[in-house]
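Structure record follows, encoded as structure tokens.
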Amino acid sequence: MAFAMAVAGKGGIGKTSLASLLIQSLVERAAGPVLAVDADPNPNLANALGCKVEKTISELRNDLLDHIRKLPPGVTKDDYLEMGIQECLAEGRGYDLLAMGAGEGPRCYCAVNSVLRRCIDRLSVAYPYVVMDNEAGLEHLSRCTTQDIDVLLIVSTGHPVPLEAASRIHQLTQRLALRIGRQYLVLNDVADDDEETRRQAQARFPNLELLGTVPPDLDLRACSRKGEPLTGLGRDSAARRAVRSMLDKALPRASVAPGHADELALGAQSGH
């Protein structure tokens, strides 16, 4: 079964950037293919990864609704979904991306989450790792999209409003008793030596461990401002180093064969 990680938090605080760097770091470790899931109806993960999505889960569901009465004899809804899932997978180097997409027209949007959940359940058996970039806010929790997760990263900056949103997310996961293994707080855009911000944030979350901080990274900001993929960041960028360090803490021991990360990095630099 896949080791599943999910990223949650208020909108605009760097969830997608963190998810993208987590996926890229896992690929660098040569730990096996990663299933990347963009569970945000306003999808941006494909852009951050430099990947193109041809079809979303929302579009797949709409196709099913349009053709449900025309399915050939013996072909069930599950059969149709099984065939359609493969069309929704966008292939990247070391990962496949599945995007939920936005609901369209008067059709019930909540049902798209149910289809997405079923697709993830079917696909995850074929991947050692799943990384999910959730929509902003709390809806994905109440719809139980974020469930059966080994590690949930609740992202915030050091400012009061996103910290309050992070607190509500953490409280809701407890209230709903969701199947989540471990939860961590991740502070984005906080300098390594900003101990005061770390202390204040940790004081708000006495039962939530601070996994790490992503320091301000001018190269990352430049990529985001220009709409360029974060794959262009150098291996030694401050953000990449921070995410690699967090993965070391969050992942199970012996999850990566020794030396494979260096081999993959050398292959990427040489174009192979």
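Residues are listed down the side, and each one gets a yes or a no for (1) surrounded by 13 or more Cβ atoms within 10 Å (Cβ to Cβ); (2) within 23 Å of G32 (Cβ to Cβ):
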position	(1), (2)
S58	yes, no
K70	no, no
P73	no, no
T76	no, no
Y80	yes, no
G84	yes, no
G92	yes, yes
L97	yes, yes
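Considering each residue of the stretch 1-15, count those that are closer than 14 Å to P43 by Cβ and surrounded by 24 or more Cβ atoms within 10 Å (Cβ to Cβ), and give that number.
2
Testing T213 on (1) outside any helix (DSSP H, G or I); (2) over 28 Å from A2 (Cα atoms); (3) in contact (Cβ under 8 Å) with a residue 12 or more places away in the chain; (4) not aliphatic (A, V, I, L, M), one condition comes back false. Which one is that?
Among (1) outside any helix (DSSP H, G or I); (2) over 28 Å from A2 (Cα atoms); (3) in contact (Cβ under 8 Å) with a residue 12 or more places away in the chain; (4) not aliphatic (A, V, I, L, M), the lone unmet condition for T213 is (2).
Suppose we filter L176, L187, L230 for residues that are among the hydrophobic types (A, V, I, L, M, F, W, C), farther than 16 Å from A6 by Cα, surrounded by 16 or more Cβ atoms within 10 Å (Cβ to Cβ) and in contact (Cβ under 8 Å) with a residue 24 or more places away in the chain; which single one remains?
Result of the check over L176, L187, L230: L230.
Name every residue in the stretch 36-56 that is surrounded by 24 or more Cβ atoms within 10 Å (Cβ to Cβ) and at pLDDT 90 or above, in order of residue number.
A36, V37, D38, L45, A48, L49
Restricting to the stretch 190-207, name every residue that is surrounded by 15 or more Cβ atoms within 10 Å (Cβ to Cβ) and over 18 Å from A242 (Cβ atoms).
R204, F205
Counting just the residues of the stretch 107-143 that are in a helix (DSSP H, G or I) and under 12 Å from A2 (Cα atoms), which one comes out modelled with the highest pLDDT?
A126
Please determine, by comparing only the residues of the stretch 164-188 that are of a type in the set (A, V, I, L, M) and within 12 Å of L210 (Cβ to Cβ), which one is modelled with the lowest pLDDT.
So the first thing to find is which residues in the stretch 164-188 are of a type in the set (A, V, I, L, M), and the list is 165-166, 169, 172, 176-178, 180, 185-187.
Those still in the list that are within 12 Å of L210 (Cβ to Cβ) too: 166, 185-187.
On the way: A166: 92, L185: 96, V186: 97, L187: 96.
My answer is A166.
What single numbered condition from (1) of a type outside the set (D, E); (2) part of a loop (DSSP other than H, G, I, E, B); (3) over 19 Å from L45 (Cβ atoms); (4) at pLDDT 80 or above fails to hold for G101?
(3)
Which residues, counting only those in the stretch 169-186, are hydroxyl-bearing (S, T, Y) and assigned to a strand (DSSP E or B)?
The one that is hydroxyl-bearing (S, T, Y) and assigned to a strand (DSSP E or B): Y184.
The values are calculated or read from the model by the stated rules, or taken from the named source; none is laboratory data. This one's a predicted model, so the numbers in the text were calculated from it and none came from an experiment. Counting neighbours? That spans all protein chains shown, and the Cβs are built from the backbone with ideal geometry, glycine included.
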